[in-house]
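Only one structure is covered here, and it is reproduced in the block below.
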Amino acid sequence: MDTEKKHFIIKFGKNLQRIRIEKKLTQSQLAADSNVEISQISRIERGVLNTSIGNIYTISKALDITVDELFKI
């Protein structure tokens with residue numbers, strides 16, 4: 001994976017984590033609300049996993065935000 005892409009994925013994950021914390025949700029709660037495995041939430045937030053757009057959509061709904069808010073990095 002190229003460096004620019006890796007940095008983007010890390011920034012995306014940090015933004016997801018920031019929003020989740022602002023919403024006062026644990027990774028466990030977000031996983032349950034979005035029907036995404038907690039391990040996936042953790043890997044996305046750490047920038048280890050390049051997740052699917054389907055998961056991004058589902059996570060945004062669980063956070064009650066628009067998809068584009070996750071990309072404001």
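Here is a check on your reading of the model: is LYS6 loosely packed, with under 14 Cβ neighbours inside 10 Å, out of contact with any Ser or Thr (no Cβ under 7 Å at 6 or more places or on another chain) and in a loop (DSSP other than H, G, I, E, B)? So LYS6 does not fit the description; no.
Take the residues in region 12-29 that are within 10 Å of the chain's Cα centre (by Cα) and among the charged types (D, E, K, R), then tell me which one is surrounded by the most Cβ atoms within 10 Å (Cβ to Cβ). Going through the qualifying residues, I end up with ARG20. Would you say LEU16 is aliphatic (A, V, I, L, M), modelled with pLDDT of 95 or more, touching a Lys or Arg at 6+ places or on another chain (Cβ under 7 Å) and assigned to a helix (DSSP H, G or I)? Here the answer is no, as LEU16 does not meet what is asked. Tell me which residues, restricted to region 21-57, are under 17 Å from VAL67 (Cβ atoms) and small (Gly, Ala, Ser). Answer for region 21-57, where residues must be under 17 Å from VAL67 (Cβ atoms) and small (Gly, Ala, Ser): SER34, SER52, GLY54.
The values are calculated or read from the model by the stated rules, or taken from the named source; none is laboratory data. This structure is a prediction, so every number in the text was calculated from the model and none was measured. When we count neighbours, we look across all protein chains shown, and the Cβ atoms used for this are built from the backbone with ideal geometry, even at glycine.
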